[in-house]
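Taking it in order: structure first as structure tokens, then the write-up.
The values are calculated or read from the model by the stated rules, or taken from the named source; none is laboratory data. Given the structure is predicted, the values throughout are model-derived calculations rather than measurements. Because the Cβ atoms are built from the backbone with ideal geometry, glycine has one as well, and the counts that use them run over all protein chains shown.
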Amino acid sequence: MMRLVWIGAVVVLVACAGVLGFRTTATDVFPHRKHVTAGVACTRCHVGVERGGEALHLPDDATCTTCHNPPHDSRPCLGCHAPADAIGRLVEARDHLKFDHARHLQGEAKGNCMRCHVGVADGDSAMRPVMATCFNCHAHDSGRDARTCSTCHKNLAEEGSMPRSHLAHEGDWIREHGTRAASSGDLCQTCHKESFCADCHGVTAPSIPAKRRFADPNAGNLHRAGFAARHSLEARAQPGACATCHQPDRCASCHIARGVAGDTAGNPHGAGWVGLTASENRHGREARRDPSACASCHGGAGEKLCVTCHAVGGVGGNPHPPGWSSRQPMTSMPCRMCHPIGAR
Amino acid sequence: MKLGALAVVLAGVSSATADPLRLRGDALATTTSPAGLLVLDGDGTLEDRVTAEAVVWMASQRSPGEDVTGDVLVIAIRARTRDGKRTVRVGRFVSSLGALRPLHLDGGSLRVRLPHEVEIEGVAGIPVVLGLGTGRAWDWVVGGRVARRIADTGSIGVAYEQRRDRGIRASEELGVDVGAELGKRTDAAARLAYDLLGEGIAEVGITASHRHGAVRGELYATQRSPSHLVPATSLFSVIGDVPAQRAGTVITWRAAPRLDVIADLACLRVDSDLAPDVTGRARLRLDDRAAGTVTGELRRSGVGADAWIGARLAARVPVARGVAISTELELVIPDEDRGRGAAWPWGLVAASWQRADWEAAIAVEASATPEYRQRLDALFQLSRRWSTK
């Protein structure tokens, strides 16, 4: 039985290999290394690359058939002999990078394409140099310090490249980003515009980001899908987390408008919320667990509800925990709500 | 007025600019509130040293609980010296001083890099309120941060911020942040915010990650004390300090070239209650550029009577050049019904189209929530981008 399961798993894996991105590269990849070792100059196929310009300088079928005549297949050469995303990546590079082959081929790299396209020696199909290769010649430390990415990148925000270094935005980045950004906030600004932060942390955000990107389920994962239904559960699981972006009065104003809070709302707390014995008095414990939840309905004028019992001399007693202290003057808010002038 | 503000900012960088000026307009219409929304986003750069950006929006009706139908999200000009050692920012923006919570304000900030890898930053302004509000007097915030790089592998910073609402101290916090690259594949960061008014820790976050081949592991822990996070002018800031904690690990595994598997295994502690917070997610890219994706997610979260389990399935499939169909389905089942419904399903089916500078999308959203037994909504979005080059 177990053997059958294993065989089935292997069959499924093989069947899904293409979908999962596994591919047999040997037959499709363009054999750069083979051409180079055969003494074919790069510019013989990549015609005009030394002149630079907007063209991608990919060889067309006519260029290939100057040697490979007749061709072994009637279909376009690059249809099989280029990785699926190769042309897309070249277009992406042309659109987003300030790079000119002509300028580079005037200097030390003249006649030595492999100085940058180091993958050729390995027969690798990914010919686009990685950023670290650029740094072999272009010392970048001063640029990194000054955050001048625009020397090479036209517009990082629009380019949307995700960093592949230790700044990788992986895992639960929404939770992680605050701690990471604390020590390198200005680095974030090399790629992200002001509005990127304000979309979530801004008081005047027009809507939650997910609402404006509803057609892309991978964008703006905070507050996506049925968040409106489960937001109260999420808020109670992580007391104070909402305060990272929202002022408490933001919650209260929406709750009052929707009739969840305010004069017209019913009491959602049920029996045992407020009473004379400890077992009937759940509200104190709940309030200490998550005072921001109380503020989300009773903020502002609603606070007076507490004061009716918890003012100095009131039946509610002292709401402060043992050892509690504050640097606020007694005449200030909220102290004076319960401590009339002169009372301690 | 808001359009005028946008025009003024863009006009400031419109002449002799080396980089293009960009403007984007997004119009969103829904059959529920807000029924119509127009967002205009413009930015431009002058000789790589001056950047201007503005985002303004207008809605056809008021959002629940708010009395504004339009506002400015961002309107800021940032300028820096050629060597990048001095940067000044004025306008409306989000300020983030190290370990302290981000704050949306109208004001200015200055950042200066000093010798010996020291950096200082100062910020001052008025906290943003909705509707270009000017009715609240004596609201202001001031703060600063001093940071120092430690060799090439880390930094440490100390920040201070004081905020006043109507002249009364609403918060006064001290923050410490640390970040370090502990090796080629290992890094860590931490932050701590201390409430100087209520005298207690407001928020702590620690994260450390290690990458090994196709696997990245992260250990993290957070602690928040909500009584220190609400403004000190609120009565709810005086009732004590019961921190809520969360600790766990996130394992990210690139199981196949196009398949990512993520497991988030955490434990929540709120007062004396302990509960698991577990998420498993798999994301399959249908092509090398991730134009098409399928994501599945299972989650168990919540504490005590507020615990719940949920499942989410999302897919985006390109069907023709520039055309994609997407869907997102979610089912949440709370442990306790309490008259809110035994299950809260939510679903959205959308079609999007993109060509040159135009984008359009249409969707139907259906849900059953504690608030609505059933709800059906239609959404439509049209976007257009303009650029001077």
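Is one or more of the residues making up the stretch A:165-173 farther than 23 Å from B:Ala247 by Cβ and at pLDDT 80 or above?
No: zero hits.
Go through the stretch B:95-111 residue by residue and tally those that are in a loop (DSSP other than H, G, I, E, B), more than 13 Å from A:Cys200 (Cβ to Cβ) and at the interface with chain A (Cβ under 7 Å from one of its Cβ atoms). So that I can check it myself, show each step before the final result.
Taking the stretch B:95-111 and keeping what is in a loop (DSSP other than H, G, I, E, B), we get B:96-102.
Cutting the leftovers down to more than 13 Å from A:Cys200 (Cβ to Cβ) gives us B:97-100.
Filter again for at the interface with chain A (Cβ under 7 Å from one of its Cβ atoms), leaving B:98-99.
Total meeting the criteria: 2.
How many residues are under 20 Å from A:His310 (Cβ atoms), in contact (Cβ under 8 Å) with a residue 60 or more places away in the chain and of a type in the set (A, V, I, L, M) if we restrict to the stretch B:188-247?
Qualifying residue count for the region: 1.
Restricting the search to the stretch B:191-234, which residues are facing chain A (nearest Cβ under 9 Å), out of contact with any Lys or Arg (no Cβ under 9 Å at 6 or more places or on another chain), closer than 22 Å to A:Ser332 by Cβ and not in a helix (DSSP H, G or I)?
Of everything in the stretch B:191-234, those that are facing chain A (nearest Cβ under 9 Å), out of contact with any Lys or Arg (no Cβ under 9 Å at 6 or more places or on another chain), closer than 22 Å to A:Ser332 by Cβ and not in a helix (DSSP H, G or I) turn out to be B:Ser225, B:Val230, B:Ser234.
Of the residues A:Thr331, A:Thr277, A:Thr308, only one is hydroxyl-bearing (Ser, Thr, Tyr) and more than 24 Å from B:His228 (Cα to Cα); which? Don't jump to the end; show me each part of the working.
On the way: A:Thr331 fails: more than 24 Å from B:His228 (Cα to Cα); A:Thr308 fails: more than 24 Å from B:His228 (Cα to Cα).
From the options A:Thr331, A:Thr277, A:Thr308, the qualifying one is A:Thr277.
Which is surrounded by fewer than 15 Cβ atoms within 10 Å (Cβ to Cβ) and at pLDDT below 95, of B:Arg385, B:Arg283, B:Arg321?
Sole residue among the options that is surrounded by fewer than 15 Cβ atoms within 10 Å (Cβ to Cβ) and at pLDDT below 95: B:Arg321.
Step by step: first the residues of the stretch B:291-303, then only those that are within 14 Å of B:Ser326 (Cα to Cα) and without any contact (Cβ under 8 Å) to a residue 24 or more places away in the chain, then the one that is surrounded by the fewest Cβ atoms within 10 Å (Cβ to Cβ). Which residue is that?
Top of the filtered list is B:Gly296.
Of all residues in the stretch B:280-302, which are within 8 Å of chain A (Cβ to nearest Cβ), in contact with an Asp or Glu (Cβ under 6 Å, 6 or more places away or on another chain) and over 30 Å from A:Leu90 (Cα atoms)?
B:Ser301
Given the residues B:Thr69, B:Thr31, B:Thr17, which is the only one that is closer than 30 Å to B:Ala363 by Cα and either at pLDDT 95 or above or over 25 Å from the mean Cα position of the chain (by Cα) (or both)?
After ruling out the rest, the residue left standing is B:Thr31.
Restricting attention to the stretch B:235-274, which residues are surrounded by fewer than 17 Cβ atoms within 10 Å (Cβ to Cβ), at the interface with another protein chain (Cβ under 9 Å from one of its Cβ atoms) and either among the aliphatic types (A, V, I, L, M) or in a loop (DSSP other than H, G, I, E, B) (or both)?
Across the stretch B:235-274, the qualifying residues are B:Ile251, B:Ala255, B:Pro257, B:Asp271.
Against the definition (of a type outside the set (Gly, Ala, Ser) and either assigned to a helix (DSSP H, G or I) or loosely packed, with under 14 Cβ neighbours inside 10 Å (or both)), how does A:Met337 come out, yes or no?
Here the answer is yes, as A:Met337 does meet what is asked.
Could you identify the single residue in B:Ala52, B:Ala99, B:Ala59 that is surrounded by 15 or more Cβ atoms within 10 Å (Cβ to Cβ) and under 21 Å from B:Leu379 (Cβ atoms)?
B:Ala59
In the list A:Gly266, A:Gly272, which residue meets the criterion of being more than 10 Å from chain B (Cβ to nearest Cβ) and touching a Ser or Thr at 6+ places or on another chain (Cβ under 9 Å)? Steps first, answer last, please.
Values: A:Gly266 fails: touching a Ser or Thr at 6+ places or on another chain (Cβ under 9 Å).
Only one candidate qualifies: A:Gly272.
To keep it simple, each residue is scored yes or no on (1) surrounded by 14 or more Cβ atoms within 10 Å (Cβ to Cβ); (2) in a loop (DSSP other than H, G, I, E, B); (3) away from chain B (no Cβ under 14 Å); (4) over 33 Å from the mean Cα position of the chain (by Cα).
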{"site": "A:Val14", "(1), (2), (3), (4)": "no, no, no, no"}
{"site": "A:Val40", "(1), (2), (3), (4)": "no, yes, yes, yes"}
{"site": "A:Arg44", "(1), (2), (3), (4)": "no, no, yes, yes"}
{"site": "A:Leu58", "(1), (2), (3), (4)": "yes, yes, yes, yes"}
{"site": "A:Asn69", "(1), (2), (3), (4)": "no, yes, yes, yes"}
{"site": "A:Arg75", "(1), (2), (3), (4)": "no, yes, yes, yes"}
{"site": "A:Leu90", "(1), (2), (3), (4)": "yes, no, no, no"}
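Look through the stretch A:297-330, keep the residues that are of a type in the set (Ser, Thr, Tyr) and facing chain B (nearest Cβ under 10 Å), and return whichever of them is surrounded by the fewest Cβ atoms within 10 Å (Cβ to Cβ).
The residue in question is A:Ser325.
Based on what the data block shows, is B:Ile150 within 21 Å of the chain's Cα centre (by Cα), more than 9 Å from every other protein chain (Cβ to nearest Cβ) and surrounded by fewer than 21 Cβ atoms within 10 Å (Cβ to Cβ)?
Judged against the criteria, B:Ile150 is not a match.
Would you confirm, using the coordinates I've provided, whether B:Pro318 is more than 10 Å from chain A (Cβ to nearest Cβ) and in a strand (DSSP E or B)?
Taking the combined requirement at face value, the residue satisfies it.
Got a sec? Which of B:Ala351, B:Ala305 is in contact with a strand residue (DSSP E or B) (Cβ under 9 Å, 6 or more places away or on another chain), at the interface with chain A (Cβ under 10 Å from one of its Cβ atoms) and over 27 Å from B:Ala244 (Cα atoms)?
After ruling out the rest, the residue left standing is B:Ala351.
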